Structures are given as structure tokens and as C-alpha cells.
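Asks: Got a structure for you, written out below as C-alpha cells; questions coming shortly.
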Amino acid sequence: MKVQIYTMQTVSEALAAAAAGVDYLGLTPSNRGLPGEIDFATAREIADALKGKAQRVALSVESDLGAIANMVAAVQPDVLHLCGNIALVTPEQVKVLREKLLPIYPQLRILQAIPMTGPEALDHAAAFEPYSDIFILDSVAAHIGGIGAAGVTHDWSLSREIVKRSKLPVILAGGLGPDNVADAIAAVQPWAVDSLTHTNKPLPQGGFRKDIDKIAAFVKAAREALA
């Protein structure tokens, strides 16, 4: 069972999360007020520090393909996580993006977020599958831009159906923490699980840092559930 954790904001917490056994570490290089967002230079510093220690994942909610490509050039991630509005970044546009990026970054993988809003998620997954390398099935919140960071679960039976139908590895996200990740794995049987909100340590002045103890507990619970 692979584990992905969002969102790293410093080199030290990223290295601590990698040492706790996290496989995929998420970065949010943005200036849109997203939870835990960082500038491109900080994201690149973290990505460089993590090389060889974990897979570096960089998230984008942008709809402009040029802006997405610029972020990839600046951060140099292993995985590009597309979690913007799927009505604006359509499967056809992801195809164009692949054709633009892969000749330059042949090892780059595209992680496509599927908004788990209802049965239509099955059709969205089918449409994006030819142009993606990995899916992440995530919840949606009206107050957060893009897909994810909602902090709540969704209908796991729909997620399970996508896992059964898809040829791609599937990451389950949305409201997962150390206390419910084993149940989620049993219900969905994903390739990997993801956590943001429920592995955070809120700061008194607002914002958060990662709680390494919660991350370690999440990793332990996920791996034990698989065993």
C-alpha cells in the first residue's frame, strides 16, 4: 500500500515525512490561497531535497496549459497532479499537455484528480483514463479551489467501482486519517491512500504544519490494513 501525504511547506517537514515512510509527498506551488501553498522556489528546494527519498508530486489547479507547464519547469516534480476544474482542463487538453511535457520530461507522470460528486465520476474516470498515469479520487468542497482539500469522505462504493473498472493505479483521498484509513482500504481496495487535512497540526495564527506523529500513525495503519 502506497501512501501520499499533502502538503509539504518546508524541507525539514518533507524529510521527516519521508523518514516516516511516506512514498509520495505533495507540494502545492501556487498563489491562489490554497491550503499550504508555497512559491515555486520553495517547492523546488523541497523537491531537490527529496530526490531519491520519495516521489515528488506537484499540484496545479490552473486551467491555462502554459501556466501548468511553467510550474513543472520551475519545480521539476516526478508527478504532475492535475486537480483543477475538469470542465476547463478536459481530457483533450490533458492529451495536449502530455504531448507538450513528456518529450521534455519523459519520466513525468500525470496524476488526474476525479471529483467524487456522484455517479458521473465513473464517466469522468473513463474519459481521462487514456491520458493519465494515475487517478486520485477526491472529495470536493465549495470553499476550496480545485478538487481536494475538503477534509471529508465521499461515497466509497463509487470509488471501489472506479478501482474495479480502471486499468490505472488509483489513489483514494478525501477525509482520510489514521482512524479511518483501514476501513477505507477495506472498502475501496485502492493502490494508494492520501491524506492532507487529518495529518495536519493547526497553528494558532492560522494555517498548519504537518503532524509527523499523525503521518507515522497513518502510514502504520495503512500498511497494517493491507497486511
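Asks: So L34 fits all but one of (1) open to solvent by less than 30 Å² (accessible area, probe 1.4 Å); (2) at pLDDT 95 or above; what number is the exception?
Replies: Of (1) open to solvent by less than 30 Å² (accessible area, probe 1.4 Å); (2) at pLDDT 95 or above, only one is false for L34: (2).
Asks: Report yes if T7 is under 20 Å from P115 (Cβ atoms), crowded, with 17+ Cβ neighbours inside 10 Å and polar (S, T, N, Q), otherwise no. Don't jump to the end; show me each part of the working.
Replies: Working: under 20 Å from P115 (Cβ atoms): yes; crowded, with 17+ Cβ neighbours inside 10 Å: yes; polar (S, T, N, Q): yes.
Taking the combined requirement at face value, the residue satisfies it.
Asks: Looking at Q112 and the list (1) farther than 30 Å from A227 by Cα; (2) buried (at least 16 other Cβ atoms within 10 Å of the Cβ), which single condition is not satisfied?
Replies: For Q112, the failing item is (1).
Asks: Could you please tell me which pairs satisfy a Cβ distance under 6 Å, a separation of 6+ or placement on different chains, a first residue in the range 151-178 that is open to solvent by 40 Å² or more (accessible area, probe 1.4 Å), and a second residue that is in a loop (DSSP other than H, G, I, E, B)?
Replies: Going by the 6 Å Cβ cut-off, the qualifying pairs are V152/S139; V152/G175; T153/G174; T153/G175; P169/W191.
Asks: Just to be sure I understand, how many residues within the range 181-193 are open to solvent by 30 Å² or more (accessible area, probe 1.4 Å) and over 16 Å from the mean Cα position of the chain (by Cα)? Steps first, please.
Replies: Quick first cut of the range 181-193, residues open to solvent by 30 Å² or more (accessible area, probe 1.4 Å) only: 182-183, 186-187, 189, 191.
With over 16 Å from the mean Cα position of the chain (by Cα) added as a condition, the list becomes 182-183, 186-187, 189.
Matching residues across the range 181-193 total 5.
Asks: Quick one: L80 ticks every box in (1) open to solvent by less than 30 Å² (accessible area, probe 1.4 Å); (2) closer than 22 Å to A221 by Cβ except a single one, so which number is it?
Replies: Failing condition for L80: (2).
Asks: Give me a count of the residues in the range 5-49 that are part of a loop (DSSP other than H, G, I, E, B), touching a strand residue (DSSP E or B) at 6+ places or on another chain (Cβ under 6 Å) and over 17 Å from G207 (Cα atoms).
Replies: Going residue by residue through the range 5-49, those that are part of a loop (DSSP other than H, G, I, E, B) are 6-10, 20-23, 28, 30-37, 39.
Remaining after also requiring touching a strand residue (DSSP E or B) at 6+ places or on another chain (Cβ under 6 Å): 6-9, 22-23, 28.
So of that shortlist, the ones also over 17 Å from G207 (Cα atoms) come out as 22-23.
Residues meeting the conditions: 2.
Asks: Could you tell me whether the range 45-58 includes any residue that is of a type in the set (K, R), within 20 Å of A216 (Cα to Cα) and either open to solvent by less than 40 Å² (accessible area, probe 1.4 Å) or under 13 Å from the mean Cα position of the chain (by Cα) (or both)?
Replies: From the range 45-58, those of a type in the set (K, R) are 51, 53, 56; that's our starting set.
From what's left, within 20 Å of A216 (Cα to Cα): 53, 56.
Going one step further and asking which of them are either open to solvent by less than 40 Å² (accessible area, probe 1.4 Å) or under 13 Å from the mean Cα position of the chain (by Cα) (or both), we end up with 56.
Yes; the residues of the range 45-58 include at least one that is of a type in the set (K, R), within 20 Å of A216 (Cα to Cα) and either open to solvent by less than 40 Å² (accessible area, probe 1.4 Å) or under 13 Å from the mean Cα position of the chain (by Cα) (or both).
The values are calculated or read from the model by the stated rules, or taken from the named source; none is laboratory data. The structure presented is a predicted model; accordingly, all values stated were derived computationally and were not measured. With ideal geometry, Cβ positions are generated from the backbone for all residues, glycine too; neighbour counts draw on all protein chains shown. Note: areas computed on protein heavy atoms with side chains; ligands, DNA, RNA excluded. Shrake-Rupley method; radii C 1.70, N 1.55, O 1.52, S 1.80 Å.
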